[in-house]
Amino acid sequence: MTHGFGPVTPPDAQVRVAAEQRQAQLTKPGGSLGRLEEIGNWVAACQGVCPPKQFERARVVVFAGDHGVARHGVSAYPSEVTAQMVANFLGGGAAVNALAVVAGATVRVADISVDGETDSLIAKHKVRRSSGSIDREDALTVEEVEAALAAGKAIADEEIDAGADVLIAGDMGIGNTTPATALIATLTDTEPVAAVGRGTGVDDAGWARKVAAIRDAMRRARPVVKDPVELLRVAAGADFAAMAAFLAQAAARRTPVILDGVVVTAAALVAEDLAAGSSAWWLAGHRSTEPAHNLALQRLRLDPLLDLNMRLGEASGALTALPLVRAAVATLAEMSTFAEAGVSTADTDTAENTDLTVPADIAENTEIGTPAETSPSTPDLRK
């Protein structure tokens with residue numbers, strides 16, 4: 001089912017084969033660049049051209065939204081921090097801004113459901129102020145979830161139409177690891193205690209409250225688990241719905257995405273249900289410390305590039321991984337082949353420099369698979 005999204009076609013398999021063949025011709029032993037080779041091949045397949053082109057407009061979109069469940073002691077920070085951090089993003093003072101400069105990316109912030117007033121430039125697609133407390137009420141109305149899905153789809157279209165050639169989704173919202181964990185635990189049929197992490201750093205009492213809230217949210221989510229739109233409406237929030245639509249639309253429009261941590265990956269799980277096959281267009285930037293994140297990565301069959309004990313969100317993990325993806329593109333696109341560099345291959349060296357004739361005296365005294373007997377003409381080199 002596509003749920004209003006265009007059909008998702010996979011990255012070009014023939015171009016991937018061409019990339020694999022080019023890797024074998026580059027001036028290096030086969031497979032010696034490890035996962036960089038796999039990533040380069042994936043980028044080539046996504047772009048439909050080999051060698052691939054270096055990214056010219058890497059674009060981060062941070063989806064910001066508050067959650068009513070944050071009022072019930074599941075986070076170490078108050079909800080006011082969401083709006084304050086959004087202002088920090090706009091001022092260029094957050095981790096996402098610093099990492100984007102290093103990675104060669106630009107940042108956009110989208111206020112989807114911040115519980116407060118934000119700059120009109122980022123509130124174009126705002127759905128509401130804070131989503132409902134999912135442990136006791138629906139996150140959204142039917143009209144609101146449709147508006148949030150439309151917002152995410154529109155944002156993806158805006159960025160791709162403006163020339164973005166790789167997208168990164170980020171998140172900002174106090175309490176948002178609670179709906180993220182509820183979604184993942186519901187979709188993977190995992191008990192809350194096995195999925196709940198510390199989020200922003202809650203103490204033991206906060207962790208217990210978070211487990212209880214997620215347990216109650218999962219009880220409300222299970223009847224709609226087969227319907228991704230209803231699942232977003234009941235047990236997620238406007239920011240999650242927008243992120244899910246953003247990820248699905250990027251895949252439908254054949255644009256690669258680097259996923260961030262637990263919040264974005266929870267939205268990705270639902271996006272895969274919204275538009276089957278979308279995950280072929282995604283790369284997992286990192287593995288966070290949240291247990292639910294690993295569960296989601298396993299379900300999506302994505303192997304993260306980095307494991308640095310990060311848990312910030314904001315697209316920080318994905319941005320940290322972006323230079324590695326750029327390196328993969330550069331090696332596949334810019335390295336010389338053996339022929340271009342005039343470098344002999346291993347096969348050439350063997351054919352030209354190796355005399356495979358076995359001396360007659362050794363041939364007479366040696367059985368295949370057993371050491372040769374020692375003799376005056378055959379010194380025992382094992383001594």
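The values are calculated or read from the model by the stated rules, or taken from the named source; none is laboratory data. These numbers come from a predicted model, not from an experiment. Because the Cβ atoms are built from the backbone with ideal geometry, glycine has one as well, and the counts that use them run over all protein chains shown. These accessible areas exclude ligands, DNA and RNA; they are computed on the full protein's heavy atoms, side chains included. Shrake-Rupley method; radii C 1.70, N 1.55, O 1.52, S 1.80 Å.
Of the residues Val107, Val74, Val69, Val15, which is out of contact with any Pro (no Cβ under 8 Å at 6 or more places or on another chain), under 30 Å from Asp273 (Cβ atoms) and buried (at least 24 other Cβ atoms within 10 Å of the Cβ)? Walk me through how you get there before you give the answer.
Details: Val107 fails: buried (at least 24 other Cβ atoms within 10 Å of the Cβ); Val69 fails: out of contact with any Pro (no Cβ under 8 Å at 6 or more places or on another chain); Val15 fails: buried (at least 24 other Cβ atoms within 10 Å of the Cβ).
Only one candidate qualifies: Val74.
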Scan the stretch 226-259 residue by residue and report those that are in a loop (DSSP other than H, G, I, E, B) and farther than 30 Å from Leu305 by Cβ. Lys226, Asp227
Some residue of the stretch 36-53 being open to solvent by less than 10 Å² (accessible area, probe 1.4 Å), over 19 Å from Ala333 (Cβ atoms) and of a type in the set (Val, Ile, Thr): no
Scan the stretch 174-191 residue by residue and report those that are closer than 22 Å to Ala244 by Cα and not hydrophobic (A, V, I, L, M, F, W, C). Gly175, Asn176, Thr177, Thr178, Pro179, Thr181, Thr186, Thr188, Asp189, Thr190
First in the stretch 1-24 and free of Cβ contacts under 8 Å to residues at least 60 places away in the same chain, second anywhere and open to solvent by less than 40 Å² (accessible area, probe 1.4 Å) and outside any loop (DSSP other than H, G, I, E, B), Cβ under 6 Å, 6 or more apart: Asp12/Ala45; Val15/Ala44; Val15/Ala45; Arg16/Asn41; Arg16/Ala45; Glu20/Asn41
Take the residues of the stretch 267-281 that are open to solvent by 10 Å² or more (accessible area, probe 1.4 Å) and part of a loop (DSSP other than H, G, I, E, B): which is farthest from Val257 (Cα to Cα)? Ala276
So in the stretch 88-104, with the set limited to residues that are more than 21 Å from the chain's Cα centre (by Cα) and surrounded by fewer than 14 Cβ atoms within 10 Å (Cβ to Cβ), which one is nearest to Thr200 (Cα to Cα)? Gly93
Is it true that Arg215 is open to solvent by 60 Å² or more (accessible area, probe 1.4 Å), of a type outside the set (Gly, Ala, Ser), over 24 Å from the mean Cα position of the chain (by Cα) and modelled with pLDDT of 95 or more? yes
Kindly indicate which of Leu324, Leu312 is in contact with a strand residue (DSSP E or B) (Cβ under 9 Å, 6 or more places away or on another chain), at pLDDT 95 or above and either closer than 30 Å to Ala44 by Cα or open to solvent by 50 Å² or more (accessible area, probe 1.4 Å) (or both). Leu324
Scope the stretch 282-297; condition assigned to a helix (DSSP H, G or I), touching a residue at least 12 places away in the same chain (Cβ under 8 Å) and open to solvent by 30 Å² or more (accessible area, probe 1.4 Å); matching residues: Pro291, Leu295
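Here is a yes/no grid of residues against (1) part of a loop (DSSP other than H, G, I, E, B); (2) small (Gly, Ala, Ser); (3) closer than 16 Å to Trp281 by Cα:
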| position | (1), (2), (3) |
| --- | --- |
| Val17 | no, no, no |
| Glu20 | no, no, no |
| Lys28 | yes, no, no |
| Ser32 | yes, yes, no |
| Leu36 | no, no, no |
| Gly40 | no, yes, yes |
| Pro52 | yes, no, yes |
| Asn88 | no, no, no |
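Quick check: anything in the stretch 247-254 touching a Cys at 6+ places or on another chain (Cβ under 8 Å) and either more than 14 Å from Arg59 (Cβ to Cβ) or open to solvent by less than 10 Å² (accessible area, probe 1.4 Å) (or both)? Spell out how you get there, then give the answer.
First, the residues of the stretch 247-254 that are touching a Cys at 6+ places or on another chain (Cβ under 8 Å): 254.
Then keep just the ones that are either more than 14 Å from Arg59 (Cβ to Cβ) or open to solvent by less than 10 Å² (accessible area, probe 1.4 Å) (or both); that gives 254.
Yes: the stretch 247-254 contains one or more residues that are touching a Cys at 6+ places or on another chain (Cβ under 8 Å) and either more than 14 Å from Arg59 (Cβ to Cβ) or open to solvent by less than 10 Å² (accessible area, probe 1.4 Å) (or both).
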Test result for Val142, under 26 Å from the mean Cα position of the chain (by Cα) and of a type in the set (Val, Ile, Thr): no
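Could you please find all residues in the stretch 300-309 being surrounded by fewer than 19 Cβ atoms within 10 Å (Cβ to Cβ) and either outside any loop (DSSP other than H, G, I, E, B) or not basic (Lys, Arg) (or both)? Walk me through it before giving the result.
As a first pass, look at the stretch 300-309 and keep what is surrounded by fewer than 19 Cβ atoms within 10 Å (Cβ to Cβ): 300-303, 306-309.
Correct list: Leu300, Leu302, Asp303, Leu306, Asp307, Leu308, Asn309.
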What are the residue pairs meeting all of these: first residue in the stretch 315-340, first residue over 13 Å from Leu26 (Cα atoms), second residue crowded, with 18+ Cβ neighbours inside 10 Å and modelled with pLDDT under 95, Cβ atoms under 8 Å, and 6 or more apart or on different chains? none
Looking at the stretch 1-52, which of its residues are among the small types (Gly, Ala, Ser) and touching a Cys at 6+ places or on another chain (Cβ under 7 Å)? Ala18, Ala19, Ala44
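Within 20 Å of Val74 (Cβ to Cβ) and either more than 19 Å from the chain's Cα centre (by Cα) or not β-branched (Val, Ile, Thr) (or both): which single residue out of Ala154, Ala180 fits that description?
Ala180
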All but one of (1) in a helix (DSSP H, G or I); (2) within 22 Å of Glu144 (Cβ to Cβ); (3) in contact with a helix residue (DSSP H, G or I) (Cβ under 7 Å, 6 or more places away or on another chain); (4) of a type in the set (Gly, Ala, Ser) hold for Ala83; which doesn't? (3)
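Within the stretch 110-139, which residues are aliphatic (A, V, I, L, M) and either open to solvent by 10 Å² or more (accessible area, probe 1.4 Å) or in contact with a Cys (Cβ under 9 Å, 6 or more places away or on another chain) (or both)? Let's see the steps before the verdict.
Applying the first criterion (aliphatic (A, V, I, L, M)) to the stretch 110-139 yields 110, 112, 114, 121-123, 127, 134, 139.
Matches in the stretch 110-139: Leu121, Ile122, Ala123, Val127.
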